Amino acid sequence: MTKRGSAFACKRWYLAVRSSQARVDPYSMLRLKSRSRLLLAACGLALAVASPAAADDWLPHPADATWTYQWTDSVYNTTPTTEKVTVKETKGTSFQLAWTTVDQGNDPAAPVSVGNVYLSDTQGGIVNVDPGWASNAAPPGFPILCAALSQCGNSLASTWYQLIWGTRAPVFAEPVLVGTTWATTGGAANDVSSTSDYVGTESVKVPAFDGPVAAAKIRTEVTQAGAIGDPYGSGVRTVWWVYGVGPVKSVFQHSGGANAPVTTSVLTSTNQIPKPPPANAEYFPLVTTVKGVYRWTNARHLKKPQVESFAVDQVSNGSGRISVKSVSGPIKVAAAYGFTLRLDGVTNIWGISKSASLAKLPKLGPAALPEAKRRHFFTPFDLMTYGFNPVIPAYPAAGTTWAAGPDSGRDFSIYGVTGKATVLGVRKVTVPAGTFNALVVRTTLRQPGFPFGSGTRTSWFAPKRGLVRLEFRHADGSVSLVELLK
């Protein structure tokens, strides 16, 4: 996902503007313009998924939303500095947040900061989009975060600058599940890189709320090379995000040893209300440590069990490749499948296979396609992905349903299947590989004229393991059973 690293070809330019706010001198404004490669984050499939989480739940931005932060730096800004953040504009899934230190009761020694940050909700998370950001110049005493002294488009002198530093696409990856990690870049010269990891859910206390609130804890290792102000632009940043509110705390431990600066920002007030975060179990892990062996039986069509091994062998920002090869049985096969995890769920985006089979499995449709272009059941992943996406929702909850019909686009053109999937909940299941508390999904499938491609499929997905059991009761009366052996 999430989960999610995009490259940017950035160019900078600088624009002098006047501030219309009282008591503020004209500022030299800094703007960043970039050409973003956000294909994986922005190109999600349109699905009829009843997901319990919306794209903006981790950073809601109604027109009247406000957040007030107070930040300090242990070396360069020891004066607590209050910034008020508001929603300046919203267009579709894109929105601008504006911040100001003006009229916030700050000490005269506090730095003055007025600026905007440009964001967008995508299926891959919250992204910092063109034109990036705009603000007055960084305070004179701060480290220069560019290779040249003049016209530096970088700053860490505000809460939102600290949040997007090195993590533009995405700023915050979604869905937020156990094991979520992403790599991305940022900075005016695209010279800041980062790797972020979701550590887990943690209780955090900030002045904005009376008591502790549950937060998603994100730890990011940030690296900047070649800036005059090195190593201030590098370090470890930890951010606590609260569902229904947004970021509530940020701690940036800059590189440089025991006495290196530490920048801290906390939320002091907001009109947004914390909500319990969605479940974070990863029922289809796309991590390279996942591998195993399946056994597939069908008493009518497979005289011997088909045994196949699989491994997740390539992963990048919430997308992964799973390779499969036969171990024993009547089908000799080598196959690979591509999956992506976004807010619309786990989606199978491609699959390839080479096979030779002694088993005479019934044909699949749809009738609209020539036989050479129709799909086949060669592996458990063919049985699992058959019909329509998603395989499972991003945040599955009992009762969640999704359906497919003639208007289902790509999936219907490939499979010609109509049907409905329902999350039944979490249930205990025992297979040769062990006993698991697994998420159960039941799907009805209908492929006119092809009974082997019709029926009821029930799939069990275990945290950190993925598919552990599948039962496909075909309309021809046969039953395919897949179990994880090890």
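The values are calculated or read from the model by the stated rules, or taken from the named source; none is laboratory data. This is a predicted model, so every value here is computed, not measured. Backbone-built Cβ (ideal geometry, glycine too); neighbour counts: all protein chains shown. Calculation scope for accessible area: heavy atoms of the full protein, side chains included, ligands and nucleic acids excluded. Shrake-Rupley method; radii C 1.70, N 1.55, O 1.52, S 1.80 Å.
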Q. With (1) out of contact with any Lys or Arg (no Cβ under 6 Å at 6 or more places or on another chain); (2) of a type outside the set (Phe, Trp, Tyr); (3) over 30 Å from Thr81 (Cβ atoms) as the list, and Ala311 as the residue in question, which single condition is left unmet?
A. (1)
Q) Considering segment 233-248 alone, what residues qualify as being of a type outside the set (S, T, N, Q) and either surrounded by fewer than 21 Cβ atoms within 10 Å (Cβ to Cβ) or touching a Ser or Thr at 6+ places or on another chain (Cβ under 7 Å) (or both)? A) Gly235, Val236, Arg237, Val239, Gly244, Val245
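Go over the candidates Asp107, Asp130 one by one and state the one that is modelled with pLDDT under 95, surrounded by fewer than 23 Cβ atoms within 10 Å (Cβ to Cβ) and acidic (Asp, Glu). Outline the logic, then answer.
On the way: Asp107 fails: modelled with pLDDT under 95.
None of the other options fit; the residue is Asp130.
Among the candidates Gly211, Gly200, single out the residue that is more than 22 Å from Leu119 (Cα to Cα), open to solvent by less than 30 Å² (accessible area, probe 1.4 Å) and in a strand (DSSP E or B).
Exactly one residue qualifies, and that residue is Gly200.
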Q: Could you grab the pairs with beta carbons closer than 6 Å, sequence gap of 6+ or different chains, first residue in segment 262-283 and of a type in the set (Phe, Trp, Tyr), second one open to solvent by less than 40 Å² (accessible area, probe 1.4 Å)?
A: Tyr283/Ile392; Tyr283/Leu439; Tyr283/Phe461
Q: Of the numbered conditions (1) more than 25 Å from Thr422 (Cβ to Cβ); (2) assigned to a loop (DSSP other than H, G, I, E, B); (3) within 32 Å of the chain's Cα centre (by Cα), Lys360 fails exactly one; give the number of that condition.
A: (3)
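Which one is surrounded by the most Cβ atoms within 10 Å (Cβ to Cβ), of the residues in segment 146-168 that are in a loop (DSSP other than H, G, I, E, B) and in contact with a Ser or Thr (Cβ under 7 Å, 6 or more places away or on another chain)?
Start the filter on segment 146-168 by keeping residues that are in a loop (DSSP other than H, G, I, E, B), which leaves 146-158, 165-168.
Imposing the further condition that a residue be in contact with a Ser or Thr (Cβ under 7 Å, 6 or more places away or on another chain) reduces the set to 155-158, 166-168.
Details: Ser155: 24, Leu156: 23, Ala157: 25, Ser158: 27, Gly166: 25, Thr167: 29, Arg168: 27.
Here the answer is Thr167.
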Q: Would you check which residues across segment 75-104 are open to solvent by 70 Å² or more (accessible area, probe 1.4 Å), of a type in the set (Ser, Thr, Tyr) and part of a loop (DSSP other than H, G, I, E, B) and list them?
A: Tyr76, Thr93
Q. Does Leu364 satisfy being touching a His at 6+ places or on another chain (Cβ under 8 Å) and buried (at least 20 other Cβ atoms within 10 Å of the Cβ)?
A. yes
Q) Do you know which of the residues in segment 112-127 that are open to solvent by 20 Å² or more (accessible area, probe 1.4 Å) and not in a strand (DSSP E or B) is nearest to Val171 (Cα to Cα)? A) Gln123
Q) Across segment 172-186, what is the number of residues that are assigned to a loop (DSSP other than H, G, I, E, B) and surrounded by 24 or more Cβ atoms within 10 Å (Cβ to Cβ)? A) 5
Q. Across segment 325-353, what is the number of residues that are under 16 Å from the mean Cα position of the chain (by Cα), assigned to a strand (DSSP E or B) and of a type in the set (D, E, K, R)?
A. 1
Q | Any pair with Cβ under 6 angstrom, 6 or more apart, that starts in segment 69-96 at a residue that is within 30 Å of Leu343 (Cβ to Cβ) and at pLDDT 95 or above and ends at one that is open to solvent by 30 Å² or more (accessible area, probe 1.4 Å) and part of a strand (DSSP E or B) | A | Thr86/Thr66; Gln96/Lys88; Gln96/Glu89
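Of these, Val213, Val206, Val242, which one is at pLDDT 95 or above and within 19 Å of Asp73 (Cα to Cα)? Working first, answer last.
On the way: Val213 fails: within 19 Å of Asp73 (Cα to Cα); Val242 fails: within 19 Å of Asp73 (Cα to Cα).
Result of the check over Val213, Val206, Val242: Val206.
May I ask you to list the residues in segment 284-298 that are assigned to a strand (DSSP E or B) and either open to solvent by 50 Å² or more (accessible area, probe 1.4 Å) or in contact with a helix residue (DSSP H, G or I) (Cβ under 8 Å, 6 or more places away or on another chain) (or both)?
At the first step, the residues of segment 284-298 found to be assigned to a strand (DSSP E or B) are 291-298.
Result: Lys291, Tyr294, Arg295, Trp296.
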Q. Does segment 404-449 hold any residues that are at pLDDT below 95 and in a strand (DSSP E or B), and which are they?
A. Ala404
Q | Val423 surrounded by 14 or more Cβ atoms within 10 Å (Cβ to Cβ) and farther than 27 Å from Gly124 by Cβ | A | no
Q: Identify the single condition in (1) under 22 Å from Ser459 (Cα atoms); (2) under 24 Å from the mean Cα position of the chain (by Cα) that Gln306 does not satisfy, given that it satisfies every other one.
A: (2)
Q. So, of the residues in segment 255-266 that are at pLDDT 95 or above and open to solvent by 10 Å² or more (accessible area, probe 1.4 Å), which turns out to be farthest from Ala216 (Cα to Cα)?
A. Ala260
Q) Taking Gly387 and the conditions (1) surrounded by 23 or more Cβ atoms within 10 Å (Cβ to Cβ); (2) more than 15 Å from Leu445 (Cα to Cα), which numbered condition does it fall short on, given that it satisfies the others? A) (2)
Q: Check segment 267-280 and report whether any residue there is open to solvent by less than 30 Å² (accessible area, probe 1.4 Å) and of a type in the set (Gly, Ala, Ser).
A: no
